[in-house]
Amino acid sequence: MILRIVAALGHGVFWSSILAYAIKIAPAMPAMPAMPAMPAMPAMPAMPASCVMAIVFAGIPLAIVAGVPLSSALGQAFGWQRGFALFGLLGLMIFVAGYLWLPSLQDNIPGAKPQTEAPSAPLLGAIGVTLLMVTGHFTCYTYITALLHSPLNIAGAAIPLHLLIFGVAGALGTLLSGTLSLHPAIITALTGAGVFVSLWLILTAQPWGGYSWLVMVLWGGAIAVLLIALQSWVITLAPDKAEFASALYVMAFNIGIGGGAMTGGLLLERLGTPSLLSTGMVIAFAGLMIWA
């Protein structure tokens with residue numbers, strides 16, 4: 001329990017700062033290794049923020065697709081204690097690599113002062129949309145295996161493949177988000193509606209073949225793009241306070257994960273899987289209404 005608390009504290013700090021940091025260092029990162037024999041190259045244009053966000057967030061679905069099977073394989077092969085030790089060693093290697101190779105921004109902000117200005121009403125609205133959309137999603141996604149069993153009627157052996165399809169769709173959606181030129185608020189509305197429709201399609205499951213694959217692709221792709229659009233939207237509302245805005249986003253996101261998991265667990269125990277979908281749809285719809 002103590003280790004989970006420590007890990008959660010680090011998780012919150014990481015996600016509240018990583019995107020703002022990536023946007024700041026992107027113009028300074030080389031496009032390719034230095035090659036002295038080559039003539040001087042013209043300056044590259046700054047990478048759009050949307051592309052930076054897509055690159056950063058691409059790690060999430062890719063980690064889900066690759067990390068979950070890898071962690072299970074290591075646990076089965078070496079036992080859970082050695083598996084934790086291996087991933088701890090990997091974390092240490094990442095820390096050392098980041099410390100040695102990533103640029104520091106401390107020299108650029110010698111007189112930086114903590115932000116004390118209250119968040120604006122539009123920023124609070126975006127945070128509210130984040131809270132509701134994430135809560136609605138995790139009310140259902142936390143128990144996706146139960147939803148695949150019923151009402152989608154997926155056999156046990158096909159469940160891992162459906163989860164893989166969900167993850168691959170999320171990875172593709174994340175990469176696609178870097179090419180979208182729409183305002184993040186518009187993308188939030190479109191993908192939020194996509195999540196809502198996905199839950200409705202599961203609730204009204206049809207018996208024809210391929211239906212469950214379609215739902216997994218739509219849900220996985222929509223939620224991946226939605227999460228990027230939400231944080232992009234938050235940062236565009238407070239470009240001069242990106243870390244502060246990201247911290248609010250991460251706070252709402254984590255409350256949504258915990259609140260959705262708790263709500264879904266209580267509903268699943270008492271009322272069954274249809275109640276998960278109905279409640280998730282209502283919460284997501286409330287988020288869309290705040291957006292409107």
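Just so you know, all these numbers are worked out from the coordinates, no wet-lab data involved. Fair warning: this is a prediction, and the values are worked out from it, not measured in the lab. With ideal geometry, Cβ positions are generated from the backbone for all residues, glycine too; neighbour counts draw on all protein chains shown.
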* Cut-off 19 Å (backbone N to label point 7 Å along Cα→Cβ of ALA193), residues of segment 272-288 -> 281-288
* To do: Take the alpha-carbon centre of segment 238-253, take the same for segment 1-28, and report the distance between them in whole Å.
  => 12
* Rounded, prolate or oblate: which fits segment 235-292, taking a ≥ b ≥ c as square roots of the Cα gyration tensor eigenvalues, rounded meaning a/c under 1.5, else prolate when a/b beats b/c? -> oblate
* **Three-way shape label, segment 121-291, alpha-carbon gyration tensor, a/c 1.5** => prolate
* Asked: If you line up the long axis of helix 59-78 against the longest principal axis of the chain, both from Cα atoms, how many degrees apart are they, to the nearest 10?
  -> 70
* segment 155-218 shape via C-alpha gyration tensor axes, a/c threshold 1.5 -> oblate
* Asked: Relative contact order for the chain using alpha-carbon pairs under 8 Å, separation at least 6, rounded to a whole percent?
  -> 32
* Using alpha carbons only, how many degrees (0 to 90, rounded to 10) separate the axis of helix 242-271 from the longest principal axis of the chain? -> 10
* To do: Please give the helix 273-291 orientation as an angle from the longest Cα principal axis of the chain, in degrees from 0 to 90, rounded to the nearest 10.
  => 40
